[in-house]
Amino acid sequence: MATAWPTAQVKPPMRDHGFHQLRIARVVSETADTRSFVLEVPPELAAAFAYEAGQFCTFRVPIDDQQHFRSYSMSSTPAVDTELQVTVKRVPGGVVSNWMIDTLAPGDVIETSCPAGVFCLGPDDGDVVAFAAGSGITPVFSIVKAALASTSRRVRVLYANRDRDSIIFAAALERLGERHPGRLAVAHHLDVEEGFVDADVVGPFISTGADAEYFICGPAPFMDLVEGALVDRHVDERRVHVERFTPPEPIPQPEPENVEASGSRVTIELGGRTDGVDHHPGTTILQTARQMGMTPPSSCESGSCATCMARLVEGAVTMHVNDALTDDEVEEGWVLTCQAVPTTSSVRVRYEGV
Ligand SMILES: Cc1cc2nc3c(=O)[nH]c(=O)nc-3n(C[C@H](O)[C@H](O)[C@H](O)COP(=O)(O)OP(=O)(O)OC[C@H]3O[C@@H](n4cnc5c(N)ncnc54)[C@H](O)[C@@H]3O)c2cc1C
């Protein structure tokens, strides 16, 4: 009998930051514009690919001689599913989502980082309340399965979609409800029938119990609305988890002619090259590397995906946003370079595994 996938409970001392080639075992058609990709993880990579429900992998995809980095959340759940699976929905005009859906077939090999992310269940036992829209159901589906299988928590999901045909995992969610009577309530909201979700729709889902834990994932306006409703009801922000698929606001890149040096010296090591430069105020480490002509890995540029993570080997930085690194990783010296700015006169950063 196949054994369930290991959970990332025992963390390796350092995250494997490299990219690995995984073979696609199966492609599952979920809806007209959504596919799941089941990935084969060889035994020697099983420990590195241990994950928690709600985490994601970042794929490195070469298209037309250019490398693109995109993150996709696991729709599978460790301790429940025997295989690792991600689910990709087409974004109109999107480079990578369309390429994956139109091109990838069983037997193909794709490059991916190891699982990362902090959009995961906490240790408490209060209700789990999730707000998902469109492809935002992917990590939520993983979390819901984990909560039902590994805890006794009750789970409520508000799941918004354009119309009935665009509901991903509709049948699987129904089956889960039947298998866990009284513990899972899924409310579908269809824009074509009821208009966009508003605060009146969200309100009844906000638990009065102070120990409820909230998860939000979907398009930016949906997420903003739900977050606003939770703030209005004074929900403790530490109980609210958000996973943004699109950056809220990119950090503006200062114009080179308008910036003074800040007094900090930034040294960056990447792929056998080491270079130093005087730091420009407001410029992130990632932007500084690019100013030096380096091309470090990066993807979301909003502190969510960890593709740009590097080791701080000297000095100190502050991160505007960190929605991707665990406390342990920060303790070990990892930083999200898309969010990190120096706070000491000398900073040295090393990109590892690239
Ligand atoms: C942590 C994380 C986890 C993610 N998990 C998933 C997942 O499980 N499933 C999934 O399908 N996607 C997921 N995404 C989004 C995914 O990484 C890509 O951003 C998305 O597939 C679009 O990439 P693209 O190359 O097709 O589009 P691009 O060529 O990058 O973008 C084309 C246009 O679409 C806009 N856009 C980009 N992403 C979106 C979006 N999600 N919705 C609407 N417009 C968008 C861009 O601003 C741009 O204008 C996740 C993102 C992050 C950061």
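Each value in this text was obtained by applying a stated rule to the coordinates, not by laboratory testing. This is a predicted model, so every value here is computed, not measured. Note: ideal-geometry Cβ built from the backbone for every residue, glycine included; neighbour counts use all protein chains shown.
Only the Cβ atoms of Lys and Arg (+1) and of Asp and Glu (-1) were treated as charged; on that basis the dipole of region 144-249 about its Cα centre amounts to roughly 700 debye.
Our helix-only sum for the chain, with -39,500 (n - 2.57) per DSSP H run of n ≥ 4 divided by its residues, gives a mean residue ellipticity at 222 nm of -5000 deg cm²/dmol. Taking other C-beta atoms within 10 Å as the exposure proxy, Glu30, Glu332, Glu193 rank Glu193, Glu332, Glu30 from fewest upward.
Extension gain, Arg273 to Ala220, is 15.3 nm, computed as 0.36 nm per intervening residue step minus the present C-alpha separation.
Rounded to the nearest 10 degrees, the inclination of helix 170-179 to the longest alpha-carbon principal axis of the chain is 60 degrees. Considering only alpha-carbon pairs that sit under 8 angstrom and 6 or more positions apart, the relative contact order computed for the chain is 15 percent.
Considering only alpha-carbon pairs that sit under 8 angstrom and 6 or more positions apart, the relative contact order computed for region 147-217 is 35 percent. For region 305-354 versus region 209-229, the spacing of their alpha-carbon centroids is 27 Å. Potential lengthening of the chain between Ala187 and Thr151 amounts to 10.8 nm, from the contour at 0.36 nm per residue minus the alpha-carbon distance.
If you model region 145-194 as an ellipsoid using its alpha carbon gyration tensor, with each semi-axis the square root of five times an eigenvalue, the axes come out at 23, 10, 8 Å, biggest first. For region 256-350, a Kirkwood radius taken over Cα pairs fed into Stokes-Einstein (25 °C, viscosity 0.890 mPa s) yields D = 188 µm²/s.
Helix 137-150 and the longest principal axis of the Cα set of the chain meet at an angle near 70°. Applying 0.36 nm per residue to the separation of Ala171 and Gln21 and subtracting their alpha-carbon distance, the gain on full extension is 50.9 nm. Relative to the longest principal axis of the Cα atoms of the chain, helix 220-232 runs at roughly 80 degrees. Counting neighbouring Cβ atoms within 10 Å and putting the fewest first, the residues Val86, Val140, Val231 line up as Val231, Val86, Val140. Under conditions of 4 °C and 1.567 mPa s, region 57-161 yields 84 µm² s⁻¹ as its translational diffusion coefficient, taking Rh as the Kirkwood radius over Cα pairs in the Stokes-Einstein equation. Between the listed residues Thr274, Pro297, Thr31, the Cα displaced farthest toward the positive end of the dipole of the chain, a dipole computed from Cβ unit charges relative to the Cα centre, is found at Thr31.
Residues Ile168, Ile285 in ascending order of nearby Cβ atoms (within 10 Å, fewest first): Ile168, Ile285. Remark: the chain carries a charge dipole of roughly 720 debye about the Cα centre, counting +1 on each Lys and Arg Cβ and -1 on each Asp and Glu Cβ. The radius of gyration of the Cα set in the chain, together with its Dmax, comes out at 20.7, 64 angstrom. Placing dummy labels 7 Å off each Cα toward the beta-carbon, the span from Asp328 to Arg350 is 2.1 nm.
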